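Just so it is clear, none of the values below were taken in a lab; they were calculated from the coordinates. From a predicted model like this one, the values you see are computed outputs, not experimental measurements. Here the Cβ positions follow ideal geometry from the backbone for every residue, glycine too, while neighbour counts run over all protein chains shown.
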Amino acid sequence: MLGATALLRRAAASAVLTAAATLAASALTVANAQTAGAPTAITATELEPTPDPSLSFNAMANAMGLFAKYGLTYVAGPKLGGGGPARVQAVVTGNTEVATSDIISVMGGIYSGAKIKILMVMTPYGDEEVLGLKKYKTLKDAVGQSWGVASLGGAQRFNAQMTVEGMGFKPDAFRWTAISGADAARLEALDTGRTQLANLSHLGVMLAQAKGYTKQVHVLVAHTSRHTPPVPRLVVVASTDWLASHQAIATRYVKMMLDANRQWENNADSWVAAAGKIYQAAGLNNQQLHEAWKLFHDGGYFSVNGGINYAATQKVLNLFFKLRSESGNQYLSKPADIYDTRPLKAALDKMGVVKGTPGLPDIPDWYGSKAAAAK
């Protein structure tokens, strides 16, 4: 029989062997997970804090199972007010890895020295509706009145100013008023008299009409895009520091968003099904969501090639400097200053350039003959 000392030694040896085996198994599990492409978490912040199928690109893609398809795990970023500028700030401060913002807010950030870049353009056209009090029969009747937009420094005001210019008014013919938040906030501002006009998305107007919230207001401009040039608008932005060490993840993310947009462009049911999942309590039925999809589709809302077009961006840049009475500086002087095209190029190399809505700035003019072939 073994003595107590021998038993202790054997127990100790057994424990060491067990621990070693456990460590080896753990290491093998990690190695296998890495080899198999274990999902990588990515924190992504939406443009609006409340679910909206037209703006919640990450939640929509997640509802379609696309994060998992591309080896990613969706981590919802902070729910912020303040529109595009707040999303730029969240990226700059490291509170999110990627965010949906607007191109004007990003340009403003870069111009001020923020180390951020755009990965892709989510909407190559800004198409909305303008609502006003019913006492105004036309937009001309409302000259000089307050007009609610998401922020004074973001693309919604910029788009509204382009709209009124396109309709023959001066850009300062109305009093621009910041009403942060989603469509509901600007609709409430109209209802309470805080503003007399407001920009809303097609979906926001449809929802307001379905719920009977438009008794005192009506549509003055049905499609702002009919009065504006086709320029990129909503964008995905990340910090240059994050991009320096996360190109592979950024590329997977861009591939995923291209996949989502191509499905939305070509198949109404893909958009409607995802919208129904994230917008369950909205009060819109399947038919109404299909009607909303058609409005967005006909307005050229979906970005099937990533939307980075230097010629179109130059138009935005010119207007950006014009409206701000500024000129280029060491941070921002040309379209290439606002983009990191490496993830999109890698995605297009794999997925190809396809035909989208004619006339939109969705063909990448920096990409070469492959892009020209898709025109």
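With the Cα gyration tensor of the range 254-369 in hand, give its eigenvalues times 5 under a square root as the equivalent ellipsoid semi-axes, listed largest first in whole angstrom.
Working through the eigenvalues yields semi-axes of 31, 19, 13 Å.
Of the candidates Gln145, Gln247, Gln287, which one comes out as most mobile in a Gaussian network treatment of the chain with C-alpha springs shorter than 10 Å?
Gln287
Starting from 0.36 nm per residue, how many nanometres of slack lie between Asn286 and Phe169 once their C-alpha separation is accounted for?
Extending this stretch completely gives an extra 38.3 nm.
Hey, what do the phi angles of the range 336-347 turn into as Karplus ³J(HN,Hα) couplings, whole Hz, using 6.51/-1.76/1.60 and θ = phi - 60°, x for Gly and Pro?
4, 5, 9, 10, 10, 8, 4, x, 5, 4, 4, 5
How high is the FRET efficiency between Ile278 and Lys322 when r is their beta carbon distance and R₀ equals 35 Å, given to the nearest 0.05?
The computed FRET efficiency comes out at 0.40.
Return one number: the angle in degrees, 0 to 90 and rounded to the nearest 10, between the long axis of the Cα atoms of helix 83-92 and the longest principal axis of the Cα atoms of the chain.
30
Once the Cβ-Cβ distance between Met351 and Lys135 is put in as r, and R0 is 56 Å, what FRET efficiency do you end up with, to the nearest 0.05?
0.65
At 20 °C and a viscosity of 1.002 mPa s, what translational diffusion coefficient does Stokes-Einstein give for the chain, taking Rh as the Kirkwood radius over Cα pairs? Give it in µm²/s as a whole number.
Here the translational diffusion coefficient equals 97 µm²/s.
Given a Förster distance of 51 Å, report the FRET efficiency between Arg342 and Ala222 from their Cβ-Cβ distance, rounded to the nearest 0.05.
Efficiency for this residue pair is about 0.85.
Extension gain Asn95-Thr192, at 0.36 nm per residue separation less the Cα-Cα distance, in nm?
Result: 31.5 nm gained on full extension.
Could you give the angle, 0 to 90 degrees to the nearest 10, between helix 268-278's Cα long axis and the longest principal axis of the Cα atoms of the chain?
70
Looking at the chain as a GNM with Cα springs under 10 Å, which of Asn309, Asn261, Asn329 has the largest mean-square fluctuation?
Result for the chain, Cα springs under 10 Å: Asn329 fluctuates most.
Each residue of the range 321-331 in order: what ³J(HN,Hα) in whole Hz does its phi give by Karplus 6.51 cos²θ - 1.76 cosθ + 1.60, θ = phi - 60°, with x for Gly and Pro?
With the stated coefficients, the range 321-331 comes to 5, 5, 5, 8, 6, 10, 9, x, 10, 5, 9 Hz.
Nearest-5 percent of antiparallel DSSP beta bridges in the chain?
Restricted to the chain, the bridges split so that about 55 percent are antiparallel.
Which whole-Hz ³J(HN,Hα) couplings does the range 281-290 yield from phi under the Karplus relation 6.51 cos²θ - 1.76 cosθ + 1.60, θ = phi - 60°, glycine and proline marked x?
8, 6, x, 9, 8, 4, 5, 5, 5, 5
Using unit Cβ charges (K, R positive; D, E negative) and no other charged atoms, how large, in debye to the nearest 20, is the dipole of the chain about its Cα centre?
It comes to approximately 260 debye.
How far is it, in nm, from the label point at Ser245 to the one at Leu152 when both lie 7 Å from their Cα along the line to the Cβ?
Placing both labels 7 Å beyond Cα along the Cβ direction yields 3.9 nm.
Separation between the Lys334 and Gln314 pseudo-spin-labels, each 7 Å from Cα along Cα→Cβ, expressed in nm?
1.0
Can you tell me the length gained on complete extension of the stretch Asn267 to Ala178, counting 0.36 nm per residue apart and subtracting the Cα distance?
28.5 nm
Which pairs break 28 Å Cα to Cα here: Lys170/Lys211; Lys140/Lys322; Lys137/Lys315; Lys255/Lys322; Lys115/Lys355?
Lys170/Lys211; Lys137/Lys315; Lys255/Lys322; Lys115/Lys355
Which of the aspartates and glutamates could a cross-linker bridge to Lys334, judged by Cα under 16 Å and excluding same-chain residues fewer than eight apart?
Straight-distance partners of Lys334: Glu326, Asp365.
So how far, in whole Å, is the C-alpha centre of the range 47-66 from the one of the range 155-212?
Comparing the Cα centres of the range 47-66 and the range 155-212, I get a distance of 22 Å.
Please work out the Kirkwood hydrodynamic radius for the range 129-227, using every pair of different C-alpha atoms, and report it in angstroms with one decimal place.
13.0
Given H placed on each backbone N at 1.01 Å, which residues far from Ala99 in sequence or on other chains put an amide H within less than 5 Å of it?
The answer is Thr45, Val237.
Suppose a student asked you for the relative contact order of the chain, using Cα pairs under 8 Å spaced at least 6 residues apart; what percent would you report?
Value for the chain: 21 percent.
With both bridge residues required to lie in the range 129-227, what share of the DSSP beta bridges run antiparallel, to the nearest 5%?
Around 55 percent antiparallel, to the nearest 5.
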